[in-house]
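Undergrad: Could you have a look at this structure, given as structure tokens, before my questions?
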Amino acid sequence: AEEEDPMATPAKKNISGTRYYVVAGVFRDENNADNLVSDLRKKGFNAEKFGNIGNLHAVSYDVFETKAAADRFLRKVQKETDPEAWIRIVK
């Protein structure tokens, strides 16, 4: 089996319409955003850069189709990994 590139695009979820991103961090420096995506993917998250919030590069742990699913995941992440995680709704 060939080794997986941690920077390869994560399995894209085909979500049309509103998406609920569980936010891992926002960075002025895009390299820092890329590094976080790489670290989170190594830990098994479906992380990606999902655009900008103001002039900052936003990184998500994962993305969901419903607020309920995002809320469930957020509670788990806040408990186990990152109490500061939050949800960004992208329409």
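Undergrad: Of everything in the stretch 33-87, what is among the basic types (Lys, Arg) and under 10 Å from the mean Cα position of the chain (by Cα)? Give them in sequence order.
TA: Correct list: Arg41, Lys49.
Undergrad: Within the stretch 48-62, does at least one residue satisfy the condition of being open to solvent by 70 Å² or more (accessible area, probe 1.4 Å), over 20 Å from Ile89 (Cβ atoms), basic (Lys, Arg) and modelled with pLDDT of 95 or more?
TA: Looking through the stretch 48-62, none of the residues is open to solvent by 70 Å² or more (accessible area, probe 1.4 Å), over 20 Å from Ile89 (Cβ atoms), basic (Lys, Arg) and modelled with pLDDT of 95 or more.
Undergrad: Condition (residue is outside any helix (DSSP H, G or I) and surrounded by 20 or more Cβ atoms within 10 Å (Cβ to Cβ)) applied to the stretch 64-83: is it met by at least one residue?
TA: The answer is yes; a qualifying residue exists.
Undergrad: Evaluate the following for Arg88: is it touching a Phe, Trp or Tyr at 6+ places or on another chain (Cβ under 9 Å), outside any loop (DSSP other than H, G, I, E, B) and open to solvent by 40 Å² or more (accessible area, probe 1.4 Å)?
TA: yes
The values are calculated or read from the model by the stated rules, or taken from the named source; none is laboratory data. Worth saying up front: this structure is predicted, and the values here are computed from it rather than measured. Every residue, glycine among them, receives a Cβ derived from its backbone with ideal geometry; neighbour counts consider all protein chains shown. We work out accessible area using only protein heavy atoms, side chains counted, and drop any ligands, DNA or RNA first. Shrake-Rupley method; radii C 1.70, N 1.55, O 1.52, S 1.80 Å.
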